[in-house]
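Asks: Mind having a look at this structure? Questions to follow.
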Amino acid sequence: MISIIVLSLLIVGLTFALLRERAYTAEAIVLVEPQQEVPAEDMEPFLRDVTGAVTSSEDFIVDVRRKAGWKGTPEEFARRLDVQSLVTSDGTPTIRVRFESVDAEEAARTANAYAALFTERVDLLNDRQLAGGALAADARVASKASLPDRPSGAGPLFYVAGAIVAGMLIGGGMALLLENRARSWRDARDAELTLRAPVLGVIPEYPSAEEV
Amino acid sequence: MDPASPVRRHYAKLAQNLLSLEDRVRSMVVTSPETGAGCSSVCIGLGAALAEMGKRVVVVDCNLGRPNLHRMLGEPNFIGLTSCLQSGRALENYGHDLVPGLLAVPTGPVSSDPVARIESQRFVEVVRGIEAHRDIVILDAPVAEKVIESPALSSQFDGVLLVIHASRTSKNTAREVTDDLLDAGVNLLGVVLNGAGESV
C-alpha cells in the first residue's frame, strides 16, 4: 500500500517537475519618499495612498503592458506580476515589483517598465495636485531589474523529494487506517501480531451442515 | 463429528493445542467480540474433537440472551441449563449426547432477567458439579462485553477462549476486546480464527 502510493506520487511529482516550465523572476525596487515630513506610524498609510492613487487609474496597467511589449492576455500578465508595498525596517516606503516569465529578458523588461511608469505617474500626480497641494511624494527607481541568470522556484529534486515524503505519509496513514478497519485476517500469524495473544486454532470456512 | 468432515483435523489441532497449555483447563468460557463469529460452532467442533481424544466433555449454552446451541443441534429448547438451575438436579440430566463423550446442554427456557441466573451462585455450583463427571466444561457464552460484565463468567472458570471470524470481525474491534478482556483480569487462554480461507 505504502509503496504503491509513494510510487504514484513520485510519478506525479516527477511529471510535474519535468513538465513545469522553469520561470525567471526579475525584481525592480521603487522608493517613494514624502516631500513633507511624515510620522513613522503614518508611513504605511502614506504609501498606500500613493500606490492607490497611481494604480487605481485604469490605464496604468494597460500602459505597463504596452510599455513592456506584453503579448499575452491581461489575466496571464496579472498572474505573473507581483507588486508589494512595504515600509522597510529603516522606515523607507518601498514598492517591490516582481515579474515572472519563461523569458528572462521579458521578466526584467516588464518589471522595469512597471517601475518606470510608476515613478512617471507619481510625478504626474504631483504636478496635477500641486495646485491642490494634496500629494507630495518623490518616487525613484532604486534598483532596476537585472536579467535573472537562473530560473526561480524549486527544482525537480524538490518535487521528487516532496512526492516521496508525501507518499510515505499518505500511504502510511492509509495503510494504518485500512489495516485497522480491515475485516480480513490473513492467517494465524496476522491474528497473533494484531491481538498479541496466542492463536490456538484456525478453522476454515465450511457449510454448517458438514459440522457434526 | 463426521470423520470425512474437512474441518475435523483443524478442530483436532485446536483441541491438542488446548490440552498442551501449561495450566490444565477444566472449564473454559468461549466468547467472541460480536455475534456471528461462530462461537457455538467452535464449541461443538472443539467438544467433538476432545471427545474423540477420549475426553469426557460437556458444552453448555449459557448465552441466555441469545440461545443458539439447540438450533445447531436441531433440538427444541424445552430443557437445559435454566431447567437445571431451577430444579436442583444435575446438569447431566438436561443435555443431549452428540457423540460418545460429548454432552451438549442448551440454555433451556429463558425467562426474564437471564443475567441474574448466570450471576447466581447456583450457576457456578452447577458447573463445578459437572466438572466432577466431565474432563472439560465448555461454556458457550455471550459476547465478550457481557463476559467482562459478568463476575461469574470472567473470573469463576479456568479461562476464556476468544473466537474471531476471519471476514466478519474487524481488527480494531478484536484488538479492543482483547485489551478489555486482559484489562478486566480475564485469563485469556487464546484465540480461535474461525471462517478462515482454506489456505490459512
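Asks: Just want the ordering: B:Cys84, B:Cys62, from fewest to most Cβ atoms lying within 10 Å of their own Cβ.
Replies: In increasing order of surrounding Cβ atoms, one gets B:Cys84, B:Cys62.
Asks: What FRET efficiency comes out for the pair A:Leu124/A:Ala175, r = Cβ-Cβ distance, R0 = 56 Å, nearest 0.05?
Replies: Once rounded, the FRET efficiency stands at 0.30.
Asks: With labels modelled as points extended 7 Å from the Cα through the Cβ direction, what inter-label distance (nm, one decimal) is found for A:Lys67 paired with B:Glu75?
Replies: 10.2 nm
Asks: Let me ask another. Can you give the FRET efficiency for B:Gln156 and B:Ser5, using 1/(1 + (r/R0)^6), R0 = 22 Å, r = Cβ-Cβ distance, to the nearest 0.05?
Replies: For B:Gln156 and B:Ser5, the calculated efficiency is 0.10.
Asks: To the nearest 20 Debye, how big is the dipole of chain B about its Cα centre, given +1 on the beta carbon of each Lys and Arg and -1 on that of each Asp and Glu?
Replies: Approximately 380 debye in magnitude.
Asks: Given a cut-off of under 8 Å on Cα pairs at least six residues apart, what relative contact order in percent is computed for the stretch A:1-116?
Replies: 41 percent
Asks: For the pair A:Ile164/A:Glu41, report the inter-label distance in nm, with labels modelled 7 Å from Cα in the Cβ direction.
Replies: 5.3 nm
Asks: Go ahead and estimate [θ] at 222 nm for the protein assembly as shown from helices alone: -39,500 (n - 2.57) per DSSP H run with n ≥ 4, summed, over the residue count, rounded to 500.
Replies: Result for the protein assembly as shown: -14000 deg cm²/dmol, rounded to the nearest 500.
Asks: Moving on. Report, by chain and number, residues whose modeled amide H sits under 5 Å from the one on B:Asp135, excluding near sequence neighbours (fewer than 5 apart, same chain).
Replies: Result for B:Asp135 returns B:Arg56, B:Val57.
Asks: What order do you get for B:Leu50, A:Leu47, B:Leu81 when you list them from fewest to most C-beta neighbours inside 10 Å?
Replies: A:Leu47, B:Leu50, B:Leu81
Asks: How would chain B be classified by its alpha-carbon gyration tensor: rounded, prolate or oblate, with rounded meaning a/c under 1.5 and the a/b versus b/c comparison settling the rest?
Replies: rounded
Asks: Could you put A:Val64, A:Val87, B:Val29 in order, starting from the residue whose Cβ has the fewest other Cβ atoms within 10 Å?
Replies: Final ranking by Cβ density, sparse to dense: A:Val87, A:Val64, B:Val29.
Asks: Among B:Leu85, B:Val124, B:His96, which residue has its Cα positioned farthest towards the positive end of the charge dipole of the stretch B:54-155, with +1 placed on the Cβ of Lys and Arg, -1 on the Cβ of Asp and Glu, and the dipole taken about the Cα centre?
Replies: B:His96
Asks: Still on this structure, I have one more. At B:Arg122 and A:Arg189, where each label point lies 7 Å from the Cα along Cα→Cβ, what is the point-to-point distance in nanometres?
Replies: Modelled inter-label distance: 5.2 nm.
Asks: Given the options B:Pro33, B:Leu193, A:Val54, identify the residue whose Cα lies farthest towards the positive end of the charge dipole of the protein assembly as shown (+1 on Cβ of Lys, Arg; -1 on Cβ of Asp, Glu).
Replies: B:Leu193
Asks: Which value, in debye to the nearest 20, describes the size of the charge dipole of the protein assembly as shown about its Cα centre when Lys and Arg Cβ atoms bear +1, Asp and Glu Cβ atoms bear -1, and nothing else is charged?
Replies: With only Lys, Arg, Asp and Glu charged at Cβ, the dipole is about 1160 debye.
Asks: Another one. When Cβ neighbours within 10 Å are restricted to other protein chains, what is their mean count per residue of peptide B:181-191?
Replies: The shielding value for this peptide is 3.
Each reported figure results from applying straightforward, stated rules to the coordinates on display, with no laboratory input. Computed from a predicted structure; not experimentally measured. Counting neighbours? That spans all protein chains shown, and the Cβs are built from the backbone with ideal geometry, glycine included.
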